[in-house]
Number of protein chains: 2
Amino acid sequence: MPEFLKVLPPAEALRRFLEALPREPSIETERVSTAEALGRVLADSVAAPHPLPPFPRTTVDGYAVRAADTFGASPSLPAYLSVAGEVVMGRRAEIALNRGQAALVHTGGMIPSGADAVVMAEDCQQARQHEIEVLKPVSVGQNVLQTGEDVKAGELVLERGTILRSQEIGGLMALGVVEIGAFRQPRVAILSTGDEVVPPESEPAPGQIRDVNTYTLSALVSGAGGVPVRAGIIPDGIDALLEAATRAHQTSDMIIVTAGSSVSARDVTADVIQRLGRPGVLVHGVSIKPGKPTILAVASGKPIIGLPGNPVSAWIVAGLFLTPLIRRLQGVTGPLLTPTLRARLSTNVPSEAGREDYVPVRLEVTPAGLVAEPVYGRSNLIFTLVRADGLVVIPPATTGLDAGAEVEVRLI
Amino acid sequence: MPEFLKVLPPAEALRRFLEALPREPSIETERVSTAEALGRVLADSVAAPHPLPPFPRTTVDGYAVRAADTFGASPSLPAYLSVAGEVVMGRRAEIALNRGQAALVHTGGMIPSGADAVVMAEDCQQARQHEIEVLKPVSVGQNVLQTGEDVKAGELVLERGTILRSQEIGGLMALGVVEIGAFRQPRVAILSTGDEVVPPESEPAPGQIRDVNTYTLSALVSGAGGVPVRAGIIPDGIDALLEAATRAHQTSDMIIVTAGSSVSARDVTADVIQRLGRPGVLVHGVSIKPGKPTILAVASGKPIIGLPGNPVSAWIVAGLFLTPLIRRLQGVTGPLLTPTLRARLSTNVPSEAGREDYVPVRLEVTPAGLVAEPVYGRSNLIFTLVRADGLVVIPPATTGLDAGAEVEVRLI
């Protein structure tokens, strides 16, 4: 392995990781029904085939009018307008208004030609049959959505690389775009290694433990928008791992290997990754706790993460890198924003300077606000994470935080 | 409708809504593979069938020893121990250590009987064949995970009503619980009403618009852990809506109706909901903008939300109530915590006192931190939400916020 590899802070490690990946996604695209596309990433930009709204609409119940006919109207001196008819919902407005005329309209209905504003129903009253008194003036355009006010015809409304949220799905439907081109969801192969590891459904003999990492990591991959591919439990030793990793590299878009946590197991993982393709191992060691013995690599355009075998370390490191990588493989740009909750620490939390500490915490709602109570437990203990609601990150420049300190908690 | 109905603040409206629902979920349960149970809610509490770890394990590579044999050891005066053998990974530790003996162990391996601590490999050196020098003392229990240190046999590890995150799935797998009882995901029927509304795949005639709400709401329901049931577009008028709502009430666990936004359409919705069962309409009007004309009801134990027809109003109100309701239907307790990002407003934002304003914002990453730029657009314009990254809530007690004010942004 090159000499310059050293322990890096996580942000710098991620930067190097992303830099070594191709800018343009190499993943194929597929046609997807827009209605089922929540969380998918657009492969083609979308331009509006027509304006939205496609015709002028009223935003209130009332009377479509020429605004000029209402100027100066008041309860003491109403404007009298003759009612030329009603605009039926879902139909073209057949009426054409002349001066002194009004048309009854319902919210969302089409504005008839000749009208340029709508008087709210509560600002009118019936004078005679087919005549109303307008008690309040309206200005031109008042209570009217103009054609194209939301989107103009031909406007670029969604760019390639956009993650589709509920609102993008709605916007596409409004434009009649009921099918889209989307990047295939990245397949993430998960390899769990170790002679002591057995499948969860089996009864472990003394000295054996059940596989946890395959399932925690699968769930994290699903949550991050990828498709987990469970590649099974790989025995210790270079041959079995090389064979499994080579197969995973051919059939998946990304690989996660949970190396055994022993020094020799980690060395084997790095060796195997190095043989899969160029540029190979980029980072060997990240300055975080837990999770320091992490390997980040790219082989022929595909990211590979070598994780410690401890379930808590593996989970925390995967949580840092999975989402940015899965997004990047689908060409998503823009910063990844992580919302947090503010809380006060219930107790002192010591930390070593020079590394980021990820401390699992329980949150308690109190009258004085949220209190974050550290959940202590070694990184081998998966129930440490079960007992936690969030993580507090202790920055590398500090040697810990005091009880009562305000912290930002990432929900987990 | 009863006289006492009035416009309520959203938190109070939600409280009344939840209070009117049965405490115990009436929804059926089903068996689910734990590996596929991300986001599902446990219907039965889980106790540990055995301790975790099930045997004492070393957390480091090194030598299992009797701690007493290392007391006072130092580089100048090492403790000499004879190596009785190696504990093979995944096998029972067959060795039983006597005084003055050590056994080679690898991280995660079983501690042999007679040993009570592990010396790290780097604190030992080979003396002769089958003999090591220990250069540093260890205390009893050092570098050892004790049997049951994570979870004791019989311990209640997960309570009924727990939402399964990746870590709970891992914890269940560690215990060999590969199948669980889960509440069925609530079916949420979505009824989109209006004579002007046509399906997205059709070509709207003048005066018609495509259905947006069915699809934005479906995506919100999926995101909140429910199963959307698209009940179709219902024409205006009480008969069609009553028929569709009655069918939805029989076959779903919850109903959302997007009423036309006209006053008469809203009245029809309230009338229909009132006929579905007791106690009926609880809240008619919520003091938020947009979204004031919201109806919250419970009919025979099933929640019903009547939303304004405007896509932005419908989306914002659904976002407030859907998640707490879907959780409640599955018996999830505990507060719903909403993480946020801190940002500074780019401009003044006016607001009326006495209501909560939900202002869509775009977020920009600047050297001075995040800046929130309001996205203005009327609540009829779905692309207002497409252009936004988050929502800023202006509290009811203020009359707006100034440019530069720190705000909390909920990502959307």
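The values are calculated or read from the model by the stated rules, or taken from the named source; none is laboratory data. A quick note: this is a predicted structure, and the numbers were derived from the prediction, not measured. Quick reminder, even Gly has a Cβ in these numbers, built from the backbone with ideal geometry, and neighbours come from all protein chains shown.
From A:GLY291, A:GLY277, A:GLY226, grab the single residue that is small (Gly, Ala, Ser), in contact with a Leu (Cβ under 9 Å, 6 or more places away or on another chain), more than 13 Å from every other protein chain (Cβ to nearest Cβ) and touching a residue at least 12 places away in the same chain (Cβ under 8 Å).
On the way: A:GLY277 fails: in contact with a Leu (Cβ under 9 Å, 6 or more places away or on another chain); A:GLY226 fails: more than 13 Å from every other protein chain (Cβ to nearest Cβ).
Exactly one residue qualifies, and that residue is A:GLY291.
Within the range B:215-284, which strands (runs of 3 or more DSSP E) (wholly inside it) include 1 or more residues that are within 16 Å of B:ILE326 (Cβ to Cβ) and β-branched (Val, Ile, Thr)?
Numbers: elements: B:227-234, B:254-258, B:279-284.
Fully inside the range B:215-284 and qualifying: B:227-234, B:254-258.
Within the range B:167-179, take every residue that is crowded, with 24+ Cβ neighbours inside 10 Å and touching a Ser or Thr at 6+ places or on another chain (Cβ under 8 Å) and give me the one that is farthest from the other protein chains (Cβ to nearest Cβ). Explain how you work it out, then say what you get.
So the first thing to find is which residues in the range B:167-179 are crowded, with 24+ Cβ neighbours inside 10 Å, and the list is B:167-175.
After this cut, where a residue has to be touching a Ser or Thr at 6+ places or on another chain (Cβ under 8 Å) as well, the list is B:167-170, B:172-173.
On the way: B:GLN167: 4, B:GLU168: 6, B:ILE169: 5, B:GLY170: 4, B:LEU172: 8, B:MET173: 4 Å.
Here the answer is B:LEU172.
Say whether the condition of being under 30 Å from A:HIS249 (Cα atoms), modelled with pLDDT of 95 or more, not charged (D, E, K, R) and not in a strand (DSSP E or B) is met by at least one residue in the range A:182-191. Explain how you work it out, then say what you get.
Residues of the range A:182-191 under 30 Å from A:HIS249 (Cα atoms): A:182-191.
Still in the list and also modelled with pLDDT of 95 or more: A:182-191.
Next, from what is left, pick out any that are not charged (D, E, K, R): A:182-183, A:185-186, A:188-191.
Now narrow it down to the ones that are not in a strand (DSSP E or B): A:185-186.
Yes, because at least one residue in the range A:182-191 is under 30 Å from A:HIS249 (Cα atoms), modelled with pLDDT of 95 or more, not charged (D, E, K, R) and not in a strand (DSSP E or B).
Among the residues of the range A:295-305, is there at least one that is free of Cβ contacts under 8 Å to residues at least 40 places away in the same chain and under 21 Å from A:HIS249 (Cα atoms)?
From the range A:295-305, those free of Cβ contacts under 8 Å to residues at least 40 places away in the same chain are A:295, A:297; that's our starting set.
Remaining after also requiring under 21 Å from A:HIS249 (Cα atoms): A:295, A:297.
Yes: one or more hits.
Looking at this structure, is B:GLY207 within 11 Å of chain A (Cβ to nearest Cβ), more than 30 Å from B:MET110 (Cβ to Cβ) and not in a strand (DSSP E or B)?
Numbers: within 11 Å of chain A (Cβ to nearest Cβ): yes; more than 30 Å from B:MET110 (Cβ to Cβ): yes; not in a strand (DSSP E or B): yes.
Yes.
Checking A:ARG160 against (1) within 11 Å of chain B (Cβ to nearest Cβ); (2) surrounded by fewer than 23 Cβ atoms within 10 Å (Cβ to Cβ); (3) within 28 Å of the chain's Cα centre (by Cα): exactly one of these is not met. Which one?
A:ARG160 satisfies every listed condition except (1).
Okay, residues lined up against (1) crowded, with 19+ Cβ neighbours inside 10 Å; (2) of a type in the set (D, E, K, R):
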position	(1), (2)
B:PRO51	no, no
B:ALA64	yes, no
B:ALA96	no, no
B:ARG99	no, yes
B:VAL119	yes, no
B:CYS124	yes, no
B:ALA127	no, no
B:GLU133	no, yes
B:GLN142	no, no
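Can you name the number of the only condition in (1) closer than 29 Å to A:GLY161 by Cβ; (2) touching a residue at least 40 places away in the same chain (Cβ under 8 Å); (3) β-branched (Val, Ile, Thr) that A:VAL317 fails?
(2)
Yes/no matrix, rows are residues, columns are (1) within 14 Å of another protein chain (Cβ to nearest Cβ); (2) at pLDDT 95 or above; (3) surrounded by 20 or more Cβ atoms within 10 Å (Cβ to Cβ); (4) within 20 Å of A:ARG15 (Cα to Cα):
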{"site": "A:ASP211", "(1), (2), (3), (4)": "yes, yes, yes, no"}
{"site": "A:THR251", "(1), (2), (3), (4)": "no, yes, no, no"}
{"site": "A:ILE256", "(1), (2), (3), (4)": "yes, yes, yes, yes"}
{"site": "A:SER264", "(1), (2), (3), (4)": "yes, no, no, no"}
{"site": "A:ARG327", "(1), (2), (3), (4)": "no, yes, yes, yes"}
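Quick one: would you say A:VAL157 is under 30 Å from A:LEU336 (Cα atoms) and modelled with pLDDT of 95 or more? Walk me through how you get there before you give the answer.
Numbers: under 30 Å from A:LEU336 (Cα atoms): yes; modelled with pLDDT of 95 or more: yes.
Yes.
Please determine whether any residue of the range A:14-29 is basic (Lys, Arg) and not in a helix (DSSP H, G or I). It would help to see each step written out before you state the result.
Residues of the range A:14-29 basic (Lys, Arg): A:15-16, A:23.
Of the ones still in play, those that are also not in a helix (DSSP H, G or I) are A:23.
Within the range A:14-29, one or more residues are basic (Lys, Arg) and not in a helix (DSSP H, G or I).
Taking the range A:41-67, which residues are within 11 Å of chain B (Cβ to nearest Cβ) and closer than 12 Å to A:ILE180 by Cβ?
A:VAL46
B:GLU373 - would you say it is at pLDDT below 95 and more than 14 Å from chain A (Cβ to nearest Cβ)?
no
Listed here are the residues, each with its yes/no results for (1) within 12 Å of chain A (Cβ to nearest Cβ); (2) of a type outside the set (Gly, Ala, Ser).
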residue	(1), (2)
B:THR107	yes, yes
B:ASP123	no, yes
B:GLY148	yes, no
B:VAL151	yes, yes
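Can you tell me which residue within the range B:188-204, out of those that are within 7 Å of chain A (Cβ to nearest Cβ) and charged (D, E, K, R), is surrounded by the most Cβ atoms within 10 Å (Cβ to Cβ)?
B:GLU196
Of everything in the range B:338-362 that's within 24 Å of A:LEU391 (Cα to Cα) and surrounded by 15 or more Cβ atoms within 10 Å (Cβ to Cβ), which residue is nearest to the chain's Cα centre (by Cα)? Full working, then the answer.
Filtering the range B:338-362 down to residues within 24 Å of A:LEU391 (Cα to Cα) leaves B:338-343.
Right, trim to surrounded by 15 or more Cβ atoms within 10 Å (Cβ to Cβ) and you get B:339-343.
Working: B:PRO339: 11, B:THR340: 15, B:LEU341: 18, B:ARG342: 21, B:ALA343: 24 Å.
Within the range B:338-362, the match that is nearest to the chain's Cα centre (by Cα) is B:PRO339.
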